[in-house]
Structure formats: structure tokens, C-alpha cells
């Protein structure tokens, strides 16, 4: 106890001495306020804020970097002097007990989580802002703009009435139900209002904002930078009553959706583990909504938004998008508004919350402080705002927003646009094409021939529309020479291949656990069939070692895309010793060599692993380990198959800026399985873009699909439908209900499952 007080006393003494050392930092401010501001920054080791408090004269005598180094030395010296004064084990833990051990905590309506940092226990991510400045703005490249008096209407009480568009510019159109219209409708505090912290005290620097939103931030240090953006997203969906879209991932990946909270569930936090616990009754009040948000703020932050957002280019930038750098420190700024001129040139308003929690406010532009608009010529990396410098890859879009939602397609094209510098490829992928014997029988014609075009008729247009369409052919196409069979050892007609070609597929995956169901001959027959169709790229099986070592690269629209396919196993069957190359296995040594070669030969690398635990909606430990393996080797996209049910979609990222999107499982594309849950699958859509900045995923989504079949008097009626085009009436006729091992098929339950598994990715 004596040591604890000694630490605090030393801290206060050092702080007072430092204030005396840098006296005159701000003579127009009450010394007590300076003291509080300074100690607050010092307690958070926010040395950049402390530097900003210094007088101009003192800034000429010491640089920001030297000050930072000096204070770090002081901190280290004090920590060494009083080592052992502070017990380890807290580290942002939830509801830490007097003995330093974390209590189990169930969040409730009357108690916000005690950890305001945004950390989950043991998670190194601050999930909040960090320092006050990450590089001072450079007074270069400024755009000549109208005077502030011409752009600011003091009488305006909303964004669109307070801040006027520059001369020659027009705001993009919007409606109240769109996020742009929503942001414009938010009330502002009177012109000239200060930015206040959560405790009511003004922040020291009041020169970096053009307007302050009148949004209550509570009385706790919770709603910081990323939280302010989350608040806007959540309030928007609340306003249009799309409650199922109010959902965010916590820093540990836990999916925290409002509808679950509304239904009376609360989160229990133990260490870095989170689970739902039923503790209350249904309540959809605004008060309950705000309590949900406070819990999100406590455990989510910049890394959370990084994981559920995708990188975009400046050409794609729209209101609702963000500038984001995840980490500790990290920061997040919202694109609040947009205007354009006759030449198609655009400008934007930016808004932010900050650390400590403070009013959400519209930023000034440091290049021309009298004009708050950011012109597109100024938004080249690094992008500088008054309080942060954003580096390459910081322009991002939250996964919930798709470009199709935005009504700005009529904007005139920029005269400087050079389409030759940008190209795109659309990639569509579906899951397991599982050909049970009942599916085989559905294609038998009166003349004894087979045709399976009917299986894919309902989604043929989507397949055809993609530049590259990929299907996982779960079963071997051994043909009639080997006798058609279903589970457990499959052999399918080659006419299934004909139907896949007719539907528009370009790539067929054959590395599955059923590849050797008919031995070596089954694989050779399949290869013989595909040899007759050189327009189709076949992955996962090989006729020779040379074929095995060749990386399949598809070049489309000037983008070279490498594709690789592997399976975890072969249902106990052994690859012939004299043909070790026959089937691609998830062997790390072989895959590492493949992926390094692919990385050197292609612009973009996709891996299709056959992996995971059958019928599990959650990725297995081995899947997670392989994801890390793929990420370290520079893979851009992972699309998994095998579990026969949907699994989540996840964006993997790091401070390096490399992003890898993972579809853990697309479930079944088509099957005659006897469980209703296995009728639901997914169709992945990914847009791959190449421009001057590199090659990357510019948009991604997943469309839920349903395998439908009915039992007729003499045959079976099969087809694949998009869930959005499926109906409850069709669900009532679904044949799986006649043979179901576990319950009947329900359209409503299928929708609920899709929403539960896909979360914010659900469409």
C-alpha cells in the first residue's frame, strides 16, 4: 500500500515539475485546466497531446520526437525505480477483484463493463485511439477554396444547412432512409460550440473542428473514435428499423448482435472468452439499445472495424465509408458527406470522435482551415487530418454497406479518369456439388440418356454473369463404366460435368475426401472427361508430377489469378505409391512451395481447401491454424468446402496492411442429404481489382442458396434457388421433411440460420 501511494506521489511530483518546465504552454487557459489536461495525457502516456500544449517558443527548442523520447525515458526510470509497486494480472481485465483475479461478469442493464479501454482481457488491442497526432499536417498541395464565411451558415442546425458546398459543387442526392440523409439530419450544437469530453470539460485544442454534433456521449470514457462510427451505423439502422443489421464483432471476434441483446441475452466475459447468457426479457426500447451500445463500445474498436471492413479506392469513396487504421494506437474517421462539380470532381466532409471520449465533430482541413471540405486531389496517401495521418490502405468500407445501396451512379465521370489503370474480375464460387444416387436418377430420360441442366437452371444467370465461376465437384465423374453410386462411395455420370459447363462454370475443384471413392480408375476417367473440355480449369487432381507442380493461373482482364485446391484426406483410401501426385493434400511443406511460386507468378492468390468438421457451423482449430498459415504466405482469398453447412466469413488483416478474406465453408451447393440444415448453402461473390496501388478485393458478399427437392410418384425434382427467391410455400413442399433425420424443413428456420451464421454478411 505504501508503495502504491509512493508511486502516485512520484507521478504527481514529476507531472508538476514538467508543467513548470514547460510553463507558458498556453497562457490563455486556466492553469488548473491545463494541469488536468496534462495529467490526463500523462496518465495515458499521450505524449503528442502534451507536446501540443507547449508554447511555440518551447517547440522551437525541442522536437516532438525528442520530447517523446525524453518522456519514455522518464517512464522507464520510474518503472524501474518502483518495480513491484503495481501488481501484474490486471491487463484490462473485466471486473478485477481486490486480489487481482478477474471476476466472471454478466453485463446487465444497470452496469456497463468496467473496462473502458475496449480491450477484452488478454487482448493486446487497445481498440481505441492512442495518441493525439500521428504526424503533423504538411502545408503543401492546398486547394484554393472560398472563405469560411461563405461556407459556414451559423444559423444551420444540421450538416447540410450549416456547412455549404463549395462554389460550383452540388451535394450528392440522398433520402432519409439512406445513411447520407441520416447523417445530414443529425442535429448540431450551435455554431462556435466547444468539443466537450465525457466529463463535461472542454478538450484543449478547439481549432480543429468546423461543427459539433449534438449527440449524447454519456458520462464514461467509452465512446471514442471507432465507437463514434459504430454509434452512427447503429443509430442509422435503428432509425429505419433494420434491427438485424445492428451487429458488431468484438476485438476477440465474438459476434455481438442487437437482436440477441433485445431478446434478453447478455454477455458473460471470462478472460478473453465471451458467451451469451439469458438474463432478461424481450425489450426493444431505445434505452436498452443504448445499453447494448455501451457494451459494444467497451469491447470493440478500431481492430473490430478493420476485421469487418474491406479496402476501397478513392474512386469508390462515398459517405458512410471510413478512414481507418486499426491497432494500438489506431484511429477511425467517418466520411460524413460528399459533393461534386460538373467535371465529376468530388469533395468530402470528415467527422470523428476521439480519445478520451468526446463530442463527435466535423473536422477542419489542415491544408485550408477556413474550408472544411477535403477535395479528392488532397486524398492521396498519406491522408492528413488535424489529428491523424492515414497511410496506404486506410480507405475502407464497412461490410454491411454494399456499393449497390448507393444512389450516386449518375455522377459525371472525372475528366482525369484513366480506366486503363484499373481493371476488375468478378469471381463466383459455390460449395459441394454432392451427387447422391437420387440426384443421378433425376436426370434419367426415357431413352436411357442423362441430362442435369435442370439442377442449375434457377441460378444459371448468376453463374453466367461472373467472369470466373468455380464449383466444388464433391464426387468423382467416373462415368457409366464404373457403375453409378451414391453414399458412401460415390460415382457420378459425366453428364453432371456437361450440366456444369452449360450452367457457366469455368473452374472445377476435385480435391475432396471422395476423390478416391472409385480408386485410381475413377480419377483417370474424370481426367479423361475433362481433357475433352480444355476450356475448363480442373484443380486438385493430376495426371503427372509435372501437372502437380504447375500452378493454375487464370488471366482475365489483365489480372493474373492463381488458384490452388487441396483436401484434408481421402476417407481412408491411399494414394497409389507410384502416383504420389494424384491428389493434392493439405500438406504444409508442399503447399508452402506452391504458394511461394504462385505469389511470384500471379497478381492474386486463391486457395480452395477441403477442410473442417462436417455439420459444424463454426471453424475448427485446424481451419484456424491453416488460415494463419495461408495468411503468412501471402494468400489473398480462402474459400472452403466440406462441412456441408455454412460457416462464417472473416477478413484477416494486420498492421502490415495485407488483407485475406476467408469463407470458411460455403456448405452444400446441391445434395440429397436427409437433414434440413444441410439444404442451406452459400454463393460467394468477390470482385478483384487491380490498379496503380496493387491488386486487392474491392467488394465481397455471400448469397444464401437452398437445395430444393420434391418426391414425385416416379422420380425426383431437384433445383438450386437463391434464398431471396425461395418462398415459404416451396418450403412446405420440400422433400427433406419426408425423410428428415432431425425435424422438418422450414423456410423461416433456414432464414434464421443464414442470419445467425453469416451475421453482418447476410444478404
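Residues are listed down the side, and each one gets a yes or a no for (1) outside the structural domain of residue 687 (by TED's automatic domain parsing); (2) in contact with a strand residue (DSSP E or B) (Cβ under 9 Å, 6 or more places away or on another chain); (3) under 16 Å from residue 532 (Cβ atoms); (4) assigned to a loop (DSSP other than H, G, I, E, B):
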| residue | (1), (2), (3), (4) |
| --- | --- |
| 455 | no, yes, no, no |
| 458 | no, yes, no, no |
| 461 | no, no, no, no |
| 471 | no, yes, no, no |
| 478 | no, yes, yes, yes |
| 481 | no, no, yes, no |
| 508 | no, yes, yes, no |
| 511 | no, yes, no, yes |
| 516 | no, yes, no, yes |
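May I ask you to verify whether residue 334 is at pLDDT 95 or above and crowded, with 24+ Cβ neighbours inside 10 Å? In short, yes. Checking each residue in region 498-516 for being touching a helix residue (DSSP H, G or I) at 6+ places or on another chain (Cβ under 7 Å) and over 15 Å from residue 474 (Cβ atoms) picks out 502, 503, 504.
All of (1) part of a helix (DSSP H, G or I); (2) over 18 Å from residue 540 (Cβ atoms) hold for residue 447 with one exception: (1). Here residue 582 does not qualify as closer than 14 Å to residue 629 by Cβ, in contact with a strand residue (DSSP E or B) (Cβ under 7 Å, 6 or more places away or on another chain) and in the same structural domain as residue 433 (by TED's automatic domain parsing).
Which numbered condition trips up residue 541, out of (1) at pLDDT 95 or above; (2) surrounded by fewer than 22 Cβ atoms within 10 Å (Cβ to Cβ)? All conditions pass for residue 541, except number (2). Identification of strands (runs of 3 or more DSSP E) wholly contained in region 284-366 with 1 or more residues that are outside the structural domain of residue 648 (by TED's automatic domain parsing) and within 21 Å of the chain's Cα centre (by Cα) yields 309-311, 322-325, 331-340, 346-352. Going by what's in this entry, would residue 534 be described as assigned by TED's automatic domain parsing to the domain that holds residue 721, assigned to a loop (DSSP other than H, G, I, E, B), touching a strand residue (DSSP E or B) at 6+ places or on another chain (Cβ under 8 Å) and closer than 27 Å to residue 454 by Cβ? So residue 534 does not fit the description; no. On the basis of being assigned to a loop (DSSP other than H, G, I, E, B) and within 19 Å of the chain's Cα centre (by Cα), does residue 627 make the cut? No. Only residues that are under 28 Å from residue 302 (Cβ atoms) and assigned to a strand (DSSP E or B) were counted in region 650-692, giving 17.
Of the set (1) part of a strand (DSSP E or B); (2) in contact (Cβ under 8 Å) with a residue 40 or more places away in the chain; (3) in contact with a helix residue (DSSP H, G or I) (Cβ under 6 Å, 6 or more places away or on another chain), all apply to residue 695 but (3). Could you grab me the full set of residues in region 553-572 that are closer than 27 Å to residue 614 by Cβ and surrounded by 17 or more Cβ atoms within 10 Å (Cβ to Cβ)? 563, 564, 565, 566, 567, 568, 570, listed by residue number.
Go through region 640-670 residue by residue and tally those that are in contact with a strand residue (DSSP E or B) (Cβ under 8 Å, 6 or more places away or on another chain) and at positive phi. Selection size over region 640-670: 3.
Kindly indicate the residue of region 414-435 that is assigned to a loop (DSSP other than H, G, I, E, B) and surrounded by fewer than 23 Cβ atoms within 10 Å (Cβ to Cβ) and also modelled with the highest pLDDT among those meeting that condition.
Ranking the qualifying residues of region 414-435, first place goes to 422.
For region 495-537, taking the residues that are over 25 Å from residue 639 (Cβ atoms) and surrounded by fewer than 18 Cβ atoms within 10 Å (Cβ to Cβ), the one that is farthest from the chain's Cα centre (by Cα) is identified as 521.
What is the residue count in region 702-741 for residues that are in a loop (DSSP other than H, G, I, E, B), touching a strand residue (DSSP E or B) at 6+ places or on another chain (Cβ under 6 Å) and under 23 Å from residue 665 (Cα atoms)? Looking only at that region, the number is 1.
Does residue 222 fit the bill of being part of a loop (DSSP other than H, G, I, E, B) and within 33 Å of the chain's Cα centre (by Cα)?
Numbers: part of a loop (DSSP other than H, G, I, E, B): yes; within 33 Å of the chain's Cα centre (by Cα): yes.
Against the criterion (part of a loop (DSSP other than H, G, I, E, B) and within 33 Å of the chain's Cα centre (by Cα)), residue 222 qualifies.
The values are calculated or read from the model by the stated rules, or taken from the named source; none is laboratory data. Small disclaimer: the values here were computed from a predicted structure and weren't measured. Virtual Cβ from ideal backbone geometry, glycine too; neighbours counted across all protein chains shown.
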